[in-house]
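Heads up, the thing below is written out as structure tokens.
The values are calculated or read from the model by the stated rules, or taken from the named source; none is laboratory data. Treat the numbers as computed from the prediction; the structure is a model and nothing was measured. Methodologically, a virtual Cβ is constructed for each residue, glycine included, from the backbone with ideal geometry; neighbour enumeration extends over all protein chains shown. The area values use the complete protein model at the heavy-atom level, side chains included, leaving out ligands, DNA and RNA. Shrake-Rupley method; radii C 1.70, N 1.55, O 1.52, S 1.80 Å.
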Amino acid sequence: LPVPVSGLTGVTALGTGMGNTCAIGAGGEVWCWGDNGHGQLGDGTTTASSVPVQVTGITDAVDVSSSLGGHTCAVRLGGEVSCWGRNEFGELGRGDSGADVLAPVDVASLTDAATISVGNYSACSARTDGSVVCWGENSKGQLGDGTTNDSETFVSVLGVSGAEQVAVGARSACALVGVNPGTGGS
């Protein structure tokens, strides 16, 4: 049966991954709990936690998403995106790949994000201008840039405008565009 999460009230957003969950508290802070083998709890350790631990250095989050592959990203109030955890394919978007990162790092040059969604080893963001950018693994073309080349920094998704939300799966991504109240989306 469902049970309340210890110590969390006023949660404004929630993101779940494989074995971990993150939530944004009323003050914009991010709290995560569960598996932490790749540092996806963002507290500077790889120690799992059955209770929420505060992510280091984020106090202005507006959206959060956790992956099945072991990384987490949050959009901050100014439109910046910070990510932490696994970075095997450049899924943290900071221009490199390889070692896990145990505390948040900023996605290089992304300053106008509105929403975020992370997949196994990639991430996508709808921007405030309605365009979409993605980064990380691209073996099935999930970054939407017309290639299957992985990218350690964000690339623009081709042919998408008016995006309000993104959803990233294991090796796919979709954007919700053109939503008109009462008429649905396209």
Quote the charge dipole size of the chain about the Cα centre in Debye, to the nearest 20; the model charges only the Cβ of Lys and Arg (+1) and of Asp and Glu (-1). 360 debye
Which shape class, rounded, prolate or oblate, goes with segment 48-118 when its Cα gyration tensor gives a ≥ b ≥ c as root eigenvalues, a/c under 1.5 marks rounded, and past that a/b bigger than b/c marks prolate? oblate
Computed over segment 104-186, the Cα gyration tensor eigenvalues, each multiplied by 5 and square-rooted, give semi-axes in Å (largest first) of 21, 14, 11
Label 7 Å along Cα→Cβ of Ala108; segment 70-87 residues with amide nitrogen under 17 Å? 81-84, 87
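Add +1 for every Lys or Arg and -1 for every Asp or Glu among the other residues with Cβ under 9 Å from the Cβ of Ile58, and state the total. Intermediate values should be presented prior to the final figure.
Values: positive: Arg76; negative: Glu29, Asp60.
Computed value for this residue: -1.
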Mind giving me the nanometre distance, one decimal, between the label points for Ser156 and Ala170, set 7 Å out from Cα along Cα→Cβ? 3.2 nm
With a 1.4 Å probe and all protein chains left in place, how much accessible area per residue does the chain have, in Å²? 44 Å²
Full-extension gain in nm, Ser139 to Ala26, via 0.36 nm per residue minus C-alpha separation: 36.9 nm
Run the Debye formula on the Cα coordinates of segment 31-186, all scatterers equal and no solvent, and tell me log10 I(q)/I(0) at q = 0.10, 0.17 1/Å. -0.32, -0.88
Would you mind putting 19-31, 159-171, 126-138 in packing order, based on average other-beta-carbon counts within 10 Å, highest first? 126-138, 19-31, 159-171
Distance-filtered residues of segment 51-91 - backbone nitrogen under 13 Å, label point 7 angstrom along Thr12 Cα→Cβ: 59-64, 75-79
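Under a Cβ-Cβ cut-off of 14 Å, what is the net charge of the residues other than Asn36 that fall near it, where Lys and Arg count +1 and Asp and Glu count -1?
Details: positive: Arg86; negative: Asp35, Asp43, Asp100.
Surrounding charge for Asn36 is -2.
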